[in-house]
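Structure first, then comments.
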């Protein structure tokens, strides 16, 4: 980790970055649409907590379903803001004038992908909640946790490896 100040370089938004951002926003809007359009169909009491085997062990008011897109939106916006300051972050490698642009590009791309992953994870939680609340089949069943962990940790590990190879 670098103890001295990292060079402050602005990373321009590439075409690929714009596409990833558009996908993230589209997913976030779709998530809100799904949640709000499902709300009226939900019973007054819905599942709010699941054990690892997707057995419901907590219930609450259907307003709780609205918290999922709210939290996802807050995290999405937070990661958007944080990604604008890659020079303020700790990196696996020492940041120099020579590697700063590449390292910052890697970390900002990681945050873009993580934003998508987080929206998908919360979307899946809402989807599972709606399915179970409406008495519909649990389509993800035992795969839910594997999907969630893969969506969150695969991009992190991938980008950390890429970052360390581009030192």
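The values are calculated or read from the model by the stated rules, or taken from the named source; none is laboratory data. The structure presented is a predicted model; accordingly, all values stated were derived computationally and were not measured. Methodologically, a virtual Cβ is constructed for each residue, glycine included, from the backbone with ideal geometry; neighbour enumeration extends over all protein chains shown.
Anything in segment 65-88 that is touching a residue at least 40 places away in the same chain (Cβ under 8 Å) and surrounded by 14 or more Cβ atoms within 10 Å (Cβ to Cβ)? List them, or say none. 65, 68, 69, 72, 73, 75, 76, 86, 87, listed by residue number. Residues of segment 85-99 that are over 11 Å from residue 8 (Cα atoms) and either part of a helix (DSSP H, G or I) or over 22 Å from the mean Cα position of the chain (by Cα) (or both): 93, 94, 98, 99. For segment 31-64, filtering for residues that are in contact (Cβ under 8 Å) with a residue 24 or more places away in the chain and in a loop (DSSP other than H, G, I, E, B) leaves 7. In segment 66-74, the count of residues that are under 27 Å from residue 43 (Cα atoms), in contact with a strand residue (DSSP E or B) (Cβ under 6 Å, 6 or more places away or on another chain) and in a helix (DSSP H, G or I) is zero.
Of all residues in segment 25-58, those satisfying the criterion of being touching a strand residue (DSSP E or B) at 6+ places or on another chain (Cβ under 6 Å) and surrounded by fewer than 14 Cβ atoms within 10 Å (Cβ to Cβ) are 45, 49, 51, 57, 58. For residue 126, are the conditions met, namely being within 21 Å of residue 72 (Cα to Cα) and surrounded by 19 or more Cβ atoms within 10 Å (Cβ to Cβ)? Yes; evaluated as a whole, the condition is true for this residue.
Restricting segment 151-161 to residues that are within 13 Å of residue 109 (Cα to Cα) and under 13 Å from the mean Cα position of the chain (by Cα), the residue that is surrounded by the fewest Cβ atoms within 10 Å (Cβ to Cβ) is 156. Restricting segment 137-150 to residues that are surrounded by 11 or more Cβ atoms within 10 Å (Cβ to Cβ) and farther than 18 Å from residue 58 by Cα, the residue that is modelled with the highest pLDDT is 150.
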